[in-house]
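Only one structure is covered here, and it is reproduced in the block below.
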Amino acid sequence: MRIYFYICELLLTRHWMIDNNFKKKVVGVDIRIDRTALGVVNIRGEILARNEFVTTDYPNISEFVAKLAEAIVDMTEATGSFTEIRSVGISVPSGNFITGCMENSPNFPWKGIVPLAAMLRDRLGLAVAVDNNANVIAMAEQAFGAAHGMKDFILVNLGSGTGSCFFSNGHIHRGIHGFSGELGHTTFIPGGRPCGCGKQGCLEAYTAVKGVLQTAREVLAESDKPSLMRTDAELKVRLIVEFCKVGDELAIEVMRRTGVCLGMALAQYATLLNPEAIILSGVVSKAGKWLLEPANEAFEAHVFHNMKDKVKLFISDYDDKEINVLGASVLAWGVKEYSLFI
């Protein structure tokens, strides 16, 4: 309700505004299963303000969008004025840039087709763009990170899912319906582990968070060796990474198996697309050398021979919280401007 009266007040004073006013701020939003982070970003790519809240507190999508709108207004007013914001970009798994919807997410409570861009635009009166989180991270890497200057590269995000983005000749290849890059839902092992999408043997079931934790359970069941992984009742990927750092043999084996699966899949990807580089991001990528070395070895063993030693494989330097908000800001700058407030 507060946003409604705020918009009405701005509309009443609209005729006093300068029509050609160039707005120098956007809002980037990163929606994840556990939390939603947002930031005000200026034209130089500087994050001027941040805010976040717990995603799981809002299992109803209408209530979630209402909370997101309120958080955006509160944050922007703390750094100036809501009327200084040009547009909003949203990074979310299963986001579709072409439709502006979140479509059939296997991991979120909001099922079916969710018109996320339209819902938030109606509340804020600003242009809103939505895209898959892997695409958004790739935008950030090209604009500010390791892919700066690259025209043909692959970004693979290893988080709650395994998503990817392919930049071709400087542009994202989206496919006719906007679903390009669903690497995690390619079949890796026919009849293998069940995946959240309903199929079996998807790559995501071996390289995303749930897949890594399943591998950890299997490794622990196969051996009676001591491991720090046995001492934690609620094992998380970040803990497995920490155990690798102190030399835990079984934790290292978990990441080795994950890296081999990933490297084999990336070799097929690269053989088809011939990229300059493959960049890994997401919580699983934080395993660093324990993931990257076996992945690179498997990659070189399976990639087409003319591409051996020619594709760079490395891990993003960005913090997960920062890169998604920055990428969402790049997305926001690219959407056609629309505002009730000029």
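The values are calculated or read from the model by the stated rules, or taken from the named source; none is laboratory data. As the structure is a prediction and not an experimental result, all values here were calculated from the model. A quick note on method: Cβ atoms are made from the backbone with ideal geometry, for glycine too, and the neighbour counts reach across all protein chains shown. Quick note on the areas: whole protein, heavy atoms, side chains included, nothing else; ligands and nucleic acids left out. Shrake-Rupley method; radii C 1.70, N 1.55, O 1.52, S 1.80 Å.
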### Task
Express in Å², to the nearest 10, the accessible area of T215 obtained by rolling a 1.4 Å probe over the protein heavy atoms while all chains stay in place.
10
### Query
Expressed as an acute angle from 0 to 90° and rounded to the nearest 10, what is the orientation of the C-alpha long axis of helix 133-144 relative to the principal long axis of the chain?
80
## Note on the structure
With the 8 Å Cα cutoff and a minimum separation of six or more residues, the range 150-220 has a relative contact order in percent of 25
### Gain upon complete extension [F179, R44; 0.36 nm per residue less C-alpha separation]
45.6 nm
### Message
Report for the chain the percent antiparallel among DSSP-assigned beta bridges with both residues inside it, nearest 5.
### Response
60
### Message
If you average the alpha carbon positions of the range 269-322 and of the range 56-112, how far apart do those two centres end up, in angstrom?
### Response
31
### Query
To the nearest 20 debye, what is the magnitude of the charge dipole of the chain about its Cα centre, counting +1 on the Cβ of each Lys and Arg and -1 on the Cβ of each Asp and Glu?
420
## Note on the structure
With Cα coordinates, the longest principal axis of the chain makes an angle with the long axis of helix 320-334, in degrees rounded to 10, of 50
### Query
Heavy-atom accessible area per residue, the range 55-138, 1.4 Å probe: how many Å²?
33
### Task
With the convex hull built on the Cα atoms of the range 231-342, state its orientation-averaged projected area in nm².
10.5
### Query
Given the rule -39500 (n - 2.57) for each run of at least 4 DSSP H residues, summed and divided by the residues of the chain, what is its mean residue ellipticity at 222 nm, to the nearest 500 deg cm²/dmol?
-12000 deg cm²/dmol
### Summary
So the angle from the long Cα axis of helix 249-273 to the longest Cα principal axis of the chain, reported in degrees to the nearest 10, equals 70
### Message
Leaving out ligands, DNA and RNA, and with a 1.4 Å probe, what % of the accessible surface on the range 155-266 is carbon or sulfur?
### Response
56
